[in-house]
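The structure under discussion appears below in the form of C-alpha cells.
The values are calculated or read from the model by the stated rules, or taken from the named source; none is laboratory data. These figures come from a predicted structure and were not determined experimentally. We place every Cβ from the backbone using ideal geometry, glycine too, and count neighbours over all the protein chains shown. When the accessible area is computed, the model is the full protein with side chains, heavy atoms only, and any ligands, DNA or RNA have been set aside. Shrake-Rupley method; radii C 1.70, N 1.55, O 1.52, S 1.80 Å.
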Amino acid sequence: MDANPFPAHFDALRAHAARLRDVPLRALVADDAARAGAFALRVGPVYANFARQRYDRAALDALFDLADAAQFPERLQALFDGKHVNTTEGRAALHTALRSDLSTSEVAVAAHAEATAALARMRVLIESLQDSPVTDIVSIGIGGSDLGPRLVVDALSPPTPGRFRVHFVSNVDGAATQRMLAGLDPRRTAVVMVSKTFGTQETLLNGAIAREWLGSDTHLLAVTSNLERAAQFGIPAERILPMWDWVGGRYSLWSAVGLPIALALGMPGFEALLAGAADMDAHVLRAPPRENLAAWHALTAVWNRNALGFASQGVFPYDERLKLLSAHLQQVVMESLGKSVRLDGSPVAEATVPVWWGGAGTDVQHSFFQALHQGTDIVPGDFVGVVQPDHPHRENHRALFANLLAQTEAFAYGQDNDDPHRRYAGNRPGTVLLIDALTPRSLGALIALYEHSVYLQSVVWGINAFDQFGVELGKQLANNLLPALRGQAAYIADPVTRALLDEILRER
C-alpha cells in the first residue's frame with residue numbers, strides 16, 4: 001500500500017497554501033463578497049462558519065477533490081453498515097447504531113436491536129433506583145467511561161439537582177475518591193462502576209474503596225461486557241448493563257455508559273441526546289461532501305495540519321456549561337488520530353493529529369490568549385457559542401457574545417501599530433460554531449459532528465481511528481513496578497526508574 005494514497009492531492013493543497021501564504025484573512029474575506037454566507041452551513045440547531053479559515057474557493061475545491069478521491073460517502077456507508085473499519089482489531093465501530101437505525105445491513109440492524117434492548121433495561125434500573133432511598137450516584141470510570149458522560153451531565157444538569165445528584169471519580173489518586181465520598185451518605189448513595197473489561201486498574205481500585213464505604217453490595221452497579229468479573233466483584237447480573245466490543249470507549253456515551261446521564265437528566269433527556277446525534281448521523285450519511293458539515297470540518301482540519309503545518313488546535317466554548325468539551329474532545333480526537341502508521345502498518349506520509357486543547361471563554365482570555373494573539377505559533381481555534389442562554393442575566397450574555405465575536409475577529413485580522421509590542425499580526429484561522437440553545441438534542445448533534453469529522457480525517461490519512469494501542473505500554477510498565485512500590489523484591493532494569501524508586505521509598 002502506498003504510504004500516501006493521495007500524493008497529487010496533498011501536493012495540490014501545499015501549492016494552494018504557498019499561493020495564499022502572503023494573503024491575509026482580511027483580504028480573503030474582503031475580496032469575496034459572498035464568502036461569509038457561502039462558507040457556512042447549518043444542520044438543525046448547529047450553525048458553522050468557516051469564512052475565517054485561510055483557504056479560498058480554489059483551495060476549497062482542492063480539498064473537496066481530496067474528499068472525492070478518499071470516497072467519503074462510501075467510507076461513511078461502511079462505518080454505518082458495520083464493516084470492520086477497526087481493521088487492527090477486526091471489529092466494526094457501530095456507535096451510530098446506538099442512536100440511529102440508518103443502515104439496513106444485518107450487522108447494523110442487530111446492533112441497534114441490542115442497543116434498544118439495553119435502553120429498556122436501563123429504564124427499569126433507573127425506575128428501581130427512583131423507588132429507593134438513593135439520592136446520590138457516584139460514577140466510577142476513566143477515559144471514555146468518564147469524559148463523555150461527565151461533559152453531558154455538567155453541561156445539561158439544571159441549577160437545582162433533579163431526583164439524583166450525580167458525581168464522578170476517575171483518577172486512581174485516592175484523594176479523589178476520598179474527597180468525593182466525604183460529603184455523601186452511604187445509605188443514600190449508589191455507585192456505578194463503568195469498565196468494558198472490568199479490569200481497568202483505576203476503576204477497580206476506586207470501586208473497592210467505594211464498596212467498603214457502602215458497607216454492602218446492594219447499591220453497587222456496573223456497566224461492562226465482562227459479567228463474570230463483575231459478579232466476582234459482588235455485582236449480580238440484574239444490576240449490570242451491557243457494553244460491546246463494537247463500541248469504543250470514547251464513542252460510548254450513547255450506550256449504557258450514559259447511565260449517569262440518564263440518572264441526571266431523566267430518560268427523556270438521554271433519549272433526546274441520542275435523537276440529536278441521530279439527526280447529525282442522518283445528515284452526515286446522506287449529504288454530499290460539499291453540503292456535509294462533518295466533511296467541511298474534517299477537511300479544514302486536514303488543511304490546517306497538512307497544508308499550513310499547524311501542530312496545535314484549540315477549542316474554546318463561550319459557555320461555562322461546555323467547559324469540559326475540550327477534555328472530551330482531547331480523547332475523541334487525539335486517541336483516535338494519534339497514529340503514525342497506516343492501516344497496513346506502513347509509516348504515514350503526512351502529519352496526523354495536532355495537539356488538541358482549550359478552555360471556556362471568557363476565562364481563557366485572561367490566561368493563554370496572550371500567547372495565541374502575539375506568540376510565535378499559530379493555533380487554529382473552534383469557537384463554540386450558545387445563542388439562547390438558560391439564565392435571565394441578559395447583559396452577561398451580551399457581554400459573553402461580544403467577547404466571542406471580538407476575539408474571533410481579532411485573531412483573524414489583528415491590528416497594526418507603530419509600537420511592535422502592541423501589534424497584533426492576525427491571520428489566526430478560526431471556525432465559529434453556534435448552537436441555537438444548549439439542549440440534549442443540540443449537544444448530541446454537536447458531539448456527533450466531531451465524531452464524524454474525526455473518522456473522515458482518519459480516512460484521508462489512511463489510519464485506524466478506533467484502536468488505541470498507545471495507551472497500553474505505560475499500563476504494562478506500571479503493573480511491573482507495583483511490587484517494588486509495595487516494598488517487595490523486584491528487578492528494575494532502568495537506572496533512572498531505580499533512582500526514583502529509591503527516593504520515593506526513602507521518604508515513606
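Annotations
- The residues in the stretch 252-268 that are open to solvent by less than 10 Å² (accessible area, probe 1.4 Å) and in a helix (DSSP H, G or I) can be counted, and the count is 8.
- Restricting the stretch 117-172 to residues that are of a type in the set (Lys, Arg) and surrounded by fewer than 21 Cβ atoms within 10 Å (Cβ to Cβ), the residue that is nearest to the chain's Cα centre (by Cα): ARG165
- Sole residue being at positive phi and either of a type in the set (D, E, K, R) or in contact with a helix residue (DSSP H, G or I) (Cβ under 6 Å, 6 or more places away or on another chain) (or both), chosen from PHE270, PHE198: PHE198
- Scanning the stretch 229-242 for residues that are aliphatic (A, V, I, L, M) and either free of Cβ contacts under 8 Å to residues at least 24 places away in the same chain or open to solvent by 20 Å² or more (accessible area, probe 1.4 Å) (or both) returns ALA231, ALA237, ILE240.
- ASN306 meets all of the listed conditions (1) open to solvent by less than 40 Å² (accessible area, probe 1.4 Å); (2) within 18 Å of the chain's Cα centre (by Cα) but one, namely (2).
- Some residue of the stretch 344-360 being over 29 Å from VAL302 (Cβ atoms), free of Cβ contacts under 8 Å to residues at least 60 places away in the same chain and among the hydrophobic types (A, V, I, L, M, F, W, C): no
- Considering residues of the stretch 216-228 that are closer than 19 Å to PHE164 by Cβ and open to solvent by 10 Å² or more (accessible area, probe 1.4 Å) only, the residue modelled with the highest pLDDT: HIS219
- When the stretch 440-480 is filtered for residues that are at pLDDT 95 or above and more than 26 Å from ASP344 (Cβ to Cβ), the ones remaining, listed by number, are PRO440, ARG441, SER442, LEU443, GLY444, ALA445, LEU446, ILE447, ALA448, LEU449, TYR450.
- Index of the failed condition, LEU299 passing every other in (1) part of a helix (DSSP H, G or I); (2) surrounded by fewer than 22 Cβ atoms within 10 Å (Cβ to Cβ); (3) out of contact with any strand residue (DSSP E or B) (no Cβ under 7 Å at 6 or more places or on another chain): (2)
To keep it simple, each residue is scored yes or no on (1) surrounded by 14 or more Cβ atoms within 10 Å (Cβ to Cβ); (2) farther than 29 Å from TRP244 by Cα; (3) out of contact with any Ser or Thr (no Cβ under 7 Å at 6 or more places or on another chain); (4) in contact (Cβ under 8 Å) with a residue 24 or more places away in the chain.
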{"residue": "THR189", "(1), (2), (3), (4)": "yes, no, yes, yes"}
{"residue": "VAL194", "(1), (2), (3), (4)": "yes, no, no, yes"}
{"residue": "LEU204", "(1), (2), (3), (4)": "yes, no, yes, yes"}
{"residue": "GLY207", "(1), (2), (3), (4)": "yes, no, yes, yes"}
{"residue": "ARG211", "(1), (2), (3), (4)": "yes, no, yes, no"}
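- Residue ranges of strands (runs of 3 or more DSSP E) in the stretch 330-446 with at least 2 members closer than 30 Å to GLY249 by Cβ and open to solvent by 50 Å² or more (accessible area, probe 1.4 Å): 355-358
- Flag if ALA67 is among the small types (Gly, Ala, Ser) and under 29 Å from the mean Cα position of the chain (by Cα): yes
- Count of the stretch 473-499 residues, restricted to those that are open to solvent by 70 Å² or more (accessible area, probe 1.4 Å), outside any loop (DSSP other than H, G, I, E, B), under 22 Å from GLN201 (Cα atoms) and without any contact (Cβ under 8 Å) to a residue 24 or more places away in the chain, is 4.
- Residue within the stretch 334-351 that is closer than 21 Å to ARG428 by Cα and in contact with a strand residue (DSSP E or B) (Cβ under 7 Å, 6 or more places away or on another chain) present: no
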